[in-house]
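Colleague: Sharing a structure here in structure tokens format.
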């Protein structure tokens, strides 16, 4: 008798957030976790995020532009080699005009968000750029309208 092979369950992809401001990264992670049905992984150090990316099945990566050890552009370039199918969103409290040309060359960068923003623009951005058909749904009680 042959052993029965179980169908492999597809891995549920997650959202990875990288921002050097601990309170801000925690707030963004909470906003997504409260409203979308997907795992969220917050990081305050880009290097730690890069090390963890292979194990996180990232669908969308949200990163701050201005961080002390590595800016968001450098992070996206490195991270996209680790998770080439992920979509990237860059956020900043500063104007993007000074780096517009460099951002335009990042094919994996799908959206820019200007800080501050609330839960709705953030979750809408994640859902808009989510690659593939396994888009997370809104949690019960979250207002999709």
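The values are calculated or read from the model by the stated rules, or taken from the named source; none is laboratory data. This is a predicted model, so every value here is computed, not measured. Cβ placement follows ideal geometry from the backbone for every residue including glycine, while neighbour counts extend to all protein chains displayed.
Colleague: I'd like the full set of residues that are in a helix (DSSP H, G or I), modelled with pLDDT under 95 and touching a helix residue (DSSP H, G or I) at 6+ places or on another chain (Cβ under 8 Å), limited to the range 109-130.
Modeller: 119
Colleague: Return the residues of the range 10-25 that are in a helix (DSSP H, G or I) and either surrounded by 17 or more Cβ atoms within 10 Å (Cβ to Cβ) or touching a residue at least 40 places away in the same chain (Cβ under 8 Å) (or both); say none if nothing qualifies.
Modeller: Keep residues of the range 10-25 that are in a helix (DSSP H, G or I), which gives 22-25.
If the condition is that a residue be in a helix (DSSP H, G or I) and either surrounded by 17 or more Cβ atoms within 10 Å (Cβ to Cβ) or touching a residue at least 40 places away in the same chain (Cβ under 8 Å) (or both), then 24, 25 are the ones that fit.
Colleague: Which count do you get for residues in the range 74-108 that are at pLDDT 95 or above and either in a helix (DSSP H, G or I) or crowded, with 19+ Cβ neighbours inside 10 Å (or both)?
Modeller: Total satisfying the criteria: 16.
Colleague: Would you mention how many residues in the range 26-39 are surrounded by fewer than 19 Cβ atoms within 10 Å (Cβ to Cβ) and either under 11 Å from the mean Cα position of the chain (by Cα) or in a helix (DSSP H, G or I) (or both)? Show your work before the answer.
Modeller: The initial filter retains those residues of the range 26-39 that are surrounded by fewer than 19 Cβ atoms within 10 Å (Cβ to Cβ), namely 26-27, 30, 33-34, 37, 39.
From the residues that got through so far, the ones that are either under 11 Å from the mean Cα position of the chain (by Cα) or in a helix (DSSP H, G or I) (or both) too are 26-27, 30, 33-34, 39.
Residues that pass the stated criteria total 6.
Colleague: Give the number of residues within the range 54-73 that are free of Cβ contacts under 8 Å to residues at least 24 places away in the same chain and assigned to a loop (DSSP other than H, G, I, E, B).
Modeller: 1
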